[in-house]
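Asks: Have a look at the structure that comes next, please.
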Amino acid sequence: MKKIIGANIARYRKEKNMTQQELANHLNISFQAVSKWECGQTTPDVYLLPLIASILGTSVDQLLGYSHNFDGAVITDYEERYKTDEYYWGVKPSRMCLEILRLMPPQNKAISVIDIGCGEGKDAVFLARCGYKVSAFDVTDTGIEKTKRLAEKAGVYVDAFKANIMDFRLEREYDILFSSGVFHYIPPELRGEIVENYQEYTAENGLNVLNVFVEKPFIEVPPDKDQRERCLWKSGELFMLYHNWYFEECLEEVFDCNSGGIPHKHAMDRLIARKIKKIQ
Ligand SMILES: C[S@@+](CC[C@H](N)C(=O)[O-])C[C@H]1O[C@@H](n2cnc3c(N)ncnc32)[C@H](O)[C@@H]1O
């Protein structure tokens, strides 16, 4: 929790173009105290949190890493797109789920998985049906409701909750971290920190199963692009962040897509990386 609060204070402070000294002046404390929070060495006193949140133009929930669009701002167009009864992404699992089954099949001891940006839950529910212990989050209320509904219909449990990838950080280990079609919402300056948190909370020998949309000069902007997307990744950028992990699969592909009913193309880097203990 210390690290989460610290990272969020640093992020919102920088977004406001405020120095540690300026924040400290507002709070009548030393800049060293702010620096210690941001490094995760200490946490602010509880009574200071509402004041810090108001100075930084955020909410206490958001500082704690649990909130989302506290001011009602729409974070993604998918909130609206998921409102129909139909499943925008269908209910067929991603091919990457089959790779999970191959590389780390369900065992007697439950293997824990977290689906980051689970959408309407097709992959989370599939994995739960296969016997994994699945948690899943997305920033949309509609997506989370549909995930729970899909799980209920399949007779399985998925711990589905609403959270924003920008300020939610893992605090417990998972065997498998899975995310499909989501990381382009993370702005470049947050990517290193977020991936570091995901790597830290991956169990030894665990997997990170990820894909990111990448920029290619010969691929046009998709017609149903979410207007709130941040930016595509550079080709190979994801692989670099995992350079000291074991690559089970690593590839870049250009594929056809028909989401939104208009045929278009995407370029994507896919990575399945395993966390292996360092040689001492
Ligand atoms: C392309 S969809 C992929 C959904 C799902 N992973 C799938 O493959 O079916 C992108 C998802 O990212 C979610 N998303 C966008 N911004 C987010 C954020 N800041 N935090 C968490 N999820 C976010 C959207 O709500 C949407 O469900």
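The values are calculated or read from the model by the stated rules, or taken from the named source; none is laboratory data. Since we're looking at a predicted model, the values are computed, not measured. Every residue, glycine among them, receives a Cβ derived from its backbone with ideal geometry; neighbour counts consider all protein chains shown.
Asks: Considering only region 117-136, how many residues are surrounded by fewer than 23 Cβ atoms within 10 Å (Cβ to Cβ) and assigned to a strand (DSSP E or B)?
Replies: 2
Asks: Continuing with the same structure: Looking at (1) outside the structural domain of residue 210 (by TED's automatic domain parsing); (2) within 11 Å of the ligand (Cβ to nearest atom), can you tell me which one residue 93 breaks?
Replies: (1)
Asks: Can you go through 145, 196, 173, 220 and tell me which one is in contact with a Lys or Arg (Cβ under 9 Å, 6 or more places away or on another chain), surrounded by fewer than 19 Cβ atoms within 10 Å (Cβ to Cβ) and not hydroxyl-bearing (Ser, Thr, Tyr)?
Replies: Working: 145 fails: in contact with a Lys or Arg (Cβ under 9 Å, 6 or more places away or on another chain); 196 fails: in contact with a Lys or Arg (Cβ under 9 Å, 6 or more places away or on another chain); 173 fails: in contact with a Lys or Arg (Cβ under 9 Å, 6 or more places away or on another chain).
Among 145, 196, 173, 220, only 220 is in contact with a Lys or Arg (Cβ under 9 Å, 6 or more places away or on another chain), surrounded by fewer than 19 Cβ atoms within 10 Å (Cβ to Cβ) and not hydroxyl-bearing (Ser, Thr, Tyr).
Asks: Out of the residues in region 19-49 that are of a type in the set (Ser, Thr, Tyr) and part of a helix (DSSP H, G or I), state the one that is farthest from residue 8 (Cα to Cα).
Replies: Quick first cut of region 19-49, residues of a type in the set (Ser, Thr, Tyr) only: 19, 30, 35, 42-43, 47.
After this cut, where a residue has to be part of a helix (DSSP H, G or I) as well, the list is 35, 47.
Numbers: 35: 13, 47: 17 Å.
Per the criteria, the residue is 47.
Asks: Do we find a residue being under 17 Å from residue 210 (Cα atoms) and outside any loop (DSSP other than H, G, I, E, B) anywhere in region 144-161?
Replies: Scanning region 144-161, I find no residue that is under 17 Å from residue 210 (Cα atoms) and outside any loop (DSSP other than H, G, I, E, B), so the answer is no.
Asks: Can you report the number of residues in region 177-218 which are in contact with a strand residue (DSSP E or B) (Cβ under 9 Å, 6 or more places away or on another chain) and more than 14 Å from the ligand (Cβ to nearest atom)?
Replies: 14
Asks: Moving on. Just wondering, is there one or more residues in region 114-123 that are in contact with a Ser or Thr (Cβ under 7 Å, 6 or more places away or on another chain), in the same structural domain as residue 184 (by TED's automatic domain parsing) and more than 10 Å from the ligand (Cβ to nearest atom)?
Replies: Scanning region 114-123, I find at least one residue that is in contact with a Ser or Thr (Cβ under 7 Å, 6 or more places away or on another chain), in the same structural domain as residue 184 (by TED's automatic domain parsing) and more than 10 Å from the ligand (Cβ to nearest atom), so the answer is yes.
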